[in-house]
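Asker: Below: one structure in structure tokens.
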Amino acid sequence: MILQNIRRSRLRVGMVAGAAATLLVLGMMVTSSAQAATGCRVTYTVSTQWPGGFTANVGVTNLGAPISGWNLAWTFPSGQRVTQAWNATVTSSGSQFTATNLNYNAAIATNTTVSFGFNGAWSNDNPAPATFALNGLPCTGSVGGTPTPTASHTPSPSPSVSPSTSPQPDDAMATVAAMEPGWNLGNTFDAIPDETAWGNPRTTRALLQHVRSQGYNSIRIPVTWSNHHGPAPAYTIDAAWMNRIREVVDWSLAEGFYVMINLHHDSWQWINGYPGDRTTVMNRYTALWTQIAGTFRDHSSKLVFESINEPQFAGTSGDEENYEVLHELNAEFVHLVRRSGANNATRLLVLPTLHTNADQGRLDALVSTLDQLDDPNLAATIHFYGFWPFSVNIAGGTRYDATVEQDLIGIFDRAYDTFVSRGIPVIIGEWALLNYDHNRPGVIERGEFLKFLEAVGHHARTRQLTTMLWDAGQFLNRNELRWRDQGVYEMMKASWTTRSGTASSDLVHVRRDGAITSKTLVLNPNGTTFRGLRQGSTELAVGSDYTVSGNTLTLTPAAVTRLVGNRAYGVNATIEAHFSHGVPWPISIVSHDPPTHAAATGTTAAFPIPTQFRGDQLATMEARYADGSNAGPADWTSYKEFWTHFQPDYAGNTIIVKPEFFSEVDDGVRVTLTFHFWSGAQTTYHVTKTGNTVAGSTG
């Protein structure tokens, strides 16, 4: 699993476990010597790139005699480097890098491809390597100078039985369209070991009624079954657990929802072992789905089954084998449900890509499965958590910028082009940002998050993609049945049907100790027309309060003076930019002065830096050694991860630097921390770790 897909915290604990299982193989390098190659071809693809970092996938095809043991060498043309690898061990000597096989993928048969990947770092440019050499032989795409055709890999057929009742044609596209928008009952029945274990209250019908009243047409109920069934061979599901799931499904259907249930964290708890123990895992998998299908076979067609959440596998040779084993599980799921008859004969069934990821190879693999199954009542599902640096606030990813938008558009375009354009419906079964959480204020700045929400709704809607919000409690307060941020909900709701105008920021900062001047923002109309500014019900006056030139909005000194009032630190006033349609764009007028720090001593357990924020808020933190090199974890970037490595405590007047940061800082070496604030202010602070103690100073 690539780094971008690792989700932190209890909210996505399954992904962390899956990532750990994947990274475990990195230490298992084979020690046998490599054989000479007689011909090879390399495919090098940068699947994701962000400021200072990128993810690359490398496919090595052996065009000659079979190889047992391999290494692939290359040189980066612009000083790039590898920071993390999977499916190979990568070492470097000067500017040359070498990937060496692991014990499970040492053999490459003739016309067979082995794949590995890595995260890398870059600075000035990120061009692809010009040449590669397999076991010392340059890879030219031919054997002995003679070009050879591209090898194609055909997965072996999966075990299957023809269904006794053939599904009748239905309009799956229309069904999935009717499911828009959708909402996840997250961290509930997927929680381990039970419904309330991860902090959410017991699900009530009142909760479902409330969600339905907010405009949601479908509900995904993730279910983890692994702690709620008996031993082999029957794997009998606990009656109380099945009855509880059925109760909530029935409530949801009665409220008018389309409902989707699945096997959720089972994916990383035991299904991931399928490649190494096909019989045991398949028996358990089919036993559970046989019982689920039997229980719900007479339920409304508005009940939808999803085979597996975020499928991932251990001990495979790479994606090609992953695609093969996922095909077997998806195909058996479809055949099993269809054989159970009644409404299951034509029920909409949802099949995921590997990791529910939208890389083109993973989409193509699912297309192959769908083509082979030739069932009109199937849909594809992927998940979307945004451009990873922005989603977690690392590497300076503080803003919803062109890079973040292009990542979104690229994923949604691939889903449309691969599936929807061919009449295959797509459900984005989970979406949000990874570290947006009401318990982590400030990780994602509110205005930047609003822009992301607006864009997701627009780009999904115009590509006919159905979205299901991942809500583990960070959006809807289930105890009080209210949105934790009403404006966030209003932006999402508007995006279901129209566009909303936004701006370059939702913050206007005014120095408290200086003369008041005019302030400007750039409007992003998004196809709307700007109509004016309001403070509450009061219209601001064009000319005396603000001017507009093109998309540049300028607040006059007189208006700013009135809005800041007594200039107390923090938000003094909020105004709104209104557009021809969509929701208004909020603009907070903030009085501030540059933040200050004080010297301190403490420990690596959590080092609080005394800070007077003076009306400002923290955006990110950089860490460097005296020689300019990056300090701390994720050393491919100077910008550390918000909340994981540091966090502000506004009430306590401190910035807390966390043990996760100090664990990867050199002992006895001074580190300069640069704090970036949303006003544009920057401050510096110096820390030196000595054992478990930390000394901090401002100079």
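The values are calculated or read from the model by the stated rules, or taken from the named source; none is laboratory data. Because the structure is a prediction, the values reported are computed rather than measured. As a convention, Cβ positions derive from the backbone with ideal geometry for all residues, glycine included, and neighbour counts pool all protein chains shown. Accessible surface is based on the protein model in full, side chains and every heavy atom, while ligands, DNA and RNA are left aside. Shrake-Rupley method; radii C 1.70, N 1.55, O 1.52, S 1.80 Å.
Asker: Might you let me know whether segment 252-265 holds any residue that is within 15 Å of S226 (Cβ to Cβ), under 30 Å from the mean Cα position of the chain (by Cα), hydroxyl-bearing (S, T, Y) and crowded, with 18+ Cβ neighbours inside 10 Å?
Answerer: no
Asker: Scanning segment 51-66 for residues that are aliphatic (A, V, I, L, M) and buried (at least 21 other Cβ atoms within 10 Å of the Cβ), which turns out modelled with the lowest pLDDT? Break it down into steps so the answer makes sense when it comes.
Answerer: Looking only at segment 51-66, we keep the residues that are aliphatic (A, V, I, L, M), and these are 56, 58, 60, 63, 65.
Subsequent filtering for residues that are buried (at least 21 other Cβ atoms within 10 Å of the Cβ) retains 56, 58, 60, 63.
On the way: A56: 86, V58: 92, V60: 93, L63: 93.
Here the residue is A56.
Asker: In segment 661-677, what count of residues is obtained for those that are outside any loop (DSSP other than H, G, I, E, B) and of a type outside the set (A, V, I, L, M)?
Answerer: Step one: filter segment 661-677 for residues outside any loop (DSSP other than H, G, I, E, B), giving 661-662, 670-677.
Checking the rest, the ones that are also of a type outside the set (A, V, I, L, M) come to 661-662, 670, 672, 674-677.
Number satisfying all stated conditions: 8.
Asker: Could I ask something else about it? What's the total number of residues in segment 557-597 that are assigned to a loop (DSSP other than H, G, I, E, B), surrounded by 14 or more Cβ atoms within 10 Å (Cβ to Cβ) and either hydroxyl-bearing (S, T, Y) or within 37 Å of the chain's Cα centre (by Cα) (or both)? I'd like the intermediate steps shown before the answer.
Answerer: Just the residues of segment 557-597 that are assigned to a loop (DSSP other than H, G, I, E, B), to begin with: 565-569, 580-584, 593-595.
Next cut, surrounded by 14 or more Cβ atoms within 10 Å (Cβ to Cβ) only: 567, 569, 581-584, 593-595.
Filter once more, keeping what is either hydroxyl-bearing (S, T, Y) or within 37 Å of the chain's Cα centre (by Cα) (or both): 569, 581-584, 593-595.
Adding up the residues that qualify gives 8.
Asker: Need pairs with beta-carbon distance below 6 Å; first residue on the phi < 0 side of the Ramachandran plot and part of a loop (DSSP other than H, G, I, E, B) and within segment 244-257, second open to solvent by less than 60 Å² (accessible area, probe 1.4 Å) and of a type outside the set (A, V, I, L, M); sequence gap 6+ or separate chains.
Answerer: What qualifies is F257/S218.
Asker: Going through segment 384-431 one residue at a time, which ones are open to solvent by 20 Å² or more (accessible area, probe 1.4 Å), of a type in the set (S, T, Y) and part of a helix (DSSP H, G or I)?
Answerer: Passing the criteria: T403, Y416, S421.
Asker: Same structure, new question: Cβ-Cβ below 8 Å, separation at least six or inter-chain, first residue in segment 491-513 and closer than 24 Å to A568 by Cα, second part of a helix (DSSP H, G or I) and open to solvent by 50 Å² or more (accessible area, probe 1.4 Å): which pairs?
Answerer: The qualifying pairs are D506/R446.
Asker: Identify, please: which residue in segment 359-382 is open to solvent by 40 Å² or more (accessible area, probe 1.4 Å) and of a type outside the set (D, E) and is, among those, farthest from R297 (Cα to Cα)?
Answerer: Restricting to residues being open to solvent by 40 Å² or more (accessible area, probe 1.4 Å) and of a type outside the set (D, E), the top hit is Q360.
Asker: Which of the residues that make up segment 308-340 are over 28 Å from S68 (Cβ atoms) and open to solvent by less than 10 Å² (accessible area, probe 1.4 Å)?
Answerer: From segment 308-340, those over 28 Å from S68 (Cβ atoms) are 308-311, 329-340; that's our starting set.
Matches in segment 308-340: I308, N309, E310, P311, L329, N330, A331, F333, V334, V337, R338.
Asker: Go through segment 562-598 and give me each residue that's in contact with a Leu (Cβ under 9 Å, 6 or more places away or on another chain) and of a type in the set (F, W, Y).
Answerer: Within segment 562-598, F579, W585 qualify.
Asker: If you don't mind, there's one more thing I want to ask. Taking segment 285-326 on its own, how many of its residues are under 29 Å from the mean Cα position of the chain (by Cα) and basic (K, R)?
Answerer: Here the count works out to 1.
Asker: Still on this structure: Search segment 514-556 for residues being hydrophobic (A, V, I, L, M, F, W, C) and open to solvent by 60 Å² or more (accessible area, probe 1.4 Å), and hand back the single one that is farthest from I575 (Cα to Cα). Explain how you work it out, then say what you get.
Answerer: Within segment 514-556, the first condition is being hydrophobic (A, V, I, L, M, F, W, C), and the residues that meet it are 515-516, 521-523, 530, 533, 540-542, 548, 553, 555.
Applying the additional criterion that residues be open to solvent by 60 Å² or more (accessible area, probe 1.4 Å) yields 515, 522, 542, 548.
On the way: A515: 21, V522: 15, V542: 14, V548: 16 Å.
Out of the qualifying residues, it is A515.
Asker: Right, another one. Considering each of S537, S580, S518 in turn, give the residue that is hydroxyl-bearing (S, T, Y), out of contact with any helix residue (DSSP H, G or I) (no Cβ under 8 Å at 6 or more places or on another chain) and more than 24 Å from L453 (Cβ to Cβ). First the steps, then the outcome.
Answerer: Numbers: S580 fails: more than 24 Å from L453 (Cβ to Cβ); S518 fails: out of contact with any helix residue (DSSP H, G or I) (no Cβ under 8 Å at 6 or more places or on another chain).
From the options S537, S580, S518, the qualifying one is S537.
Asker: OK, next. Within the group G680, G652, which residue is under 19 Å from R399 (Cα atoms) and more than 26 Å from the chain's Cα centre (by Cα)?
Answerer: Values: G652 fails: under 19 Å from R399 (Cα atoms).
None of the others qualify; the one that does is G680.
Asker: Regarding M468, is this residue open to solvent by less than 10 Å² (accessible area, probe 1.4 Å), in a helix (DSSP H, G or I) and either more than 30 Å from N566 (Cα to Cα) or among the aliphatic types (A, V, I, L, M) (or both)? Let's see the steps before the verdict.
Answerer: Values: open to solvent by less than 10 Å² (accessible area, probe 1.4 Å): yes; in a helix (DSSP H, G or I): no; either more than 30 Å from N566 (Cα to Cα) or among the aliphatic types (A, V, I, L, M) (or both): yes.
So M468 does not fit the description; no.
Asker: On to the next question. Of the residues L134, L207, L185, only one is over 22 Å from M260 (Cα atoms), modelled with pLDDT of 90 or more and crowded, with 20+ Cβ neighbours inside 10 Å; which? Even if it seems obvious, please write down each step before you answer.
Answerer: Working: L207 fails: over 22 Å from M260 (Cα atoms); L185 fails: over 22 Å from M260 (Cα atoms).
Among L134, L207, L185, only L134 is over 22 Å from M260 (Cα atoms), modelled with pLDDT of 90 or more and crowded, with 20+ Cβ neighbours inside 10 Å.
Asker: Every residue in segment 659-695 that is out of contact with any Asp or Glu (no Cβ under 9 Å at 6 or more places or on another chain) and acidic (D, E), please.
Answerer: Matches in segment 659-695: D666, D667.
Asker: Same structure again: Any idea how many residues of segment 374-422 are under 23 Å from N309 (Cα atoms) and in contact (Cβ under 8 Å) with a residue 24 or more places away in the chain?
Answerer: Final tally of qualifying residues: 27.
Asker: State whether one or more residues within segment 359-376 are in a strand (DSSP E or B) and at pLDDT 95 or above. Step through it out loud before you land on a result.
Answerer: Quick first cut of segment 359-376, residues in a strand (DSSP E or B) only: none.
Scanning segment 359-376 turns up no residue that is in a strand (DSSP E or B) and at pLDDT 95 or above.
Asker: Right, D506: touching a Gly at 6+ places or on another chain (Cβ under 6 Å), charged (D, E, K, R), on the phi < 0 side of the Ramachandran plot and open to solvent by less than 50 Å² (accessible area, probe 1.4 Å) or not?
Answerer: Numbers: touching a Gly at 6+ places or on another chain (Cβ under 6 Å): yes; charged (D, E, K, R): yes; on the phi < 0 side of the Ramachandran plot: yes; open to solvent by less than 50 Å² (accessible area, probe 1.4 Å): yes.
Yes: the conditions hold for D506.
Asker: Where residues in segment 616-649 are open to solvent by 50 Å² or more (accessible area, probe 1.4 Å), touching a residue at least 60 places away in the same chain (Cβ under 8 Å) and outside any strand (DSSP E or B), which of them is nearest to H592 (Cα to Cα)? Before you say what the answer is, go through the steps one by one.
Answerer: Within segment 616-649, the first condition is being open to solvent by 50 Å² or more (accessible area, probe 1.4 Å), and the residues that meet it are 617, 624, 626-627, 635, 639, 649.
If we keep only those that are touching a residue at least 60 places away in the same chain (Cβ under 8 Å) as well, we get 617, 635, 639.
Adding the requirement that they be outside any strand (DSSP E or B) leaves 617, 635.
Values: Q617: 9, D635: 32 Å.
That would be Q617.
Asker: Right, another one. With the structure loaded, tell me whether D190 is over 22 Å from the mean Cα position of the chain (by Cα) and of a type outside the set (A, V, I, L, M) or whether it fails that test. First the steps, then the outcome.
Answerer: Values: over 22 Å from the mean Cα position of the chain (by Cα): no; of a type outside the set (A, V, I, L, M): yes.
Taking the combined requirement at face value, the residue does not satisfy it.
Asker: So which of D437, D417, D401 ends up being more than 17 Å from the chain's Cα centre (by Cα) and among the charged types (D, E, K, R)? Before you say what the answer is, go through the steps one by one.
Answerer: Numbers: D437 fails: more than 17 Å from the chain's Cα centre (by Cα); D401 fails: more than 17 Å from the chain's Cα centre (by Cα).
Exactly one residue qualifies, and that residue is D417.
Asker: Further question on the same structure: With the checklist (1) under 23 Å from P389 (Cα atoms); (2) open to solvent by 10 Å² or more (accessible area, probe 1.4 Å); (3) not hydrophobic (A, V, I, L, M, F, W, C) in hand, flag the one item R461 doesn't pass.
Answerer: Condition not satisfied by R461: (1).
Asker: Same structure again: Is it the case that some residue within segment 599-606 is surrounded by 16 or more Cβ atoms within 10 Å (Cβ to Cβ) and part of a strand (DSSP E or B)?
Answerer: Yes, the conditions are met somewhere in segment 599-606.
Asker: Let me ask something else. Within segment 433-458, track down each residue that is closer than 19 Å to G396 by Cα and open to solvent by less than 10 Å² (accessible area, probe 1.4 Å).
Answerer: L433, N435, V443, G447, E448, F449, L450, F452
Asker: While we're on this one: Looking at segment 341-358, which of its residues are open to solvent by 30 Å² or more (accessible area, probe 1.4 Å) and assigned to a loop (DSSP other than H, G, I, E, B)?
Answerer: Looking only at segment 341-358, we keep the residues that are open to solvent by 30 Å² or more (accessible area, probe 1.4 Å), and these are 342-343, 346.
Across segment 341-358, the qualifying residue is only T346.
Asker: Whether any residue in segment 650-657 is open to solvent by less than 10 Å² (accessible area, probe 1.4 Å) and closer than 30 Å to V564 by Cβ is what I want to check. Before the answer, list the steps.
Answerer: Taking segment 650-657 as the starting set, the residues that turn out to be open to solvent by less than 10 Å² (accessible area, probe 1.4 Å) are 655, 657.
Now narrow it down to the ones that are closer than 30 Å to V564 by Cβ: 655.
Yes; the residues of segment 650-657 include at least one that is open to solvent by less than 10 Å² (accessible area, probe 1.4 Å) and closer than 30 Å to V564 by Cβ.
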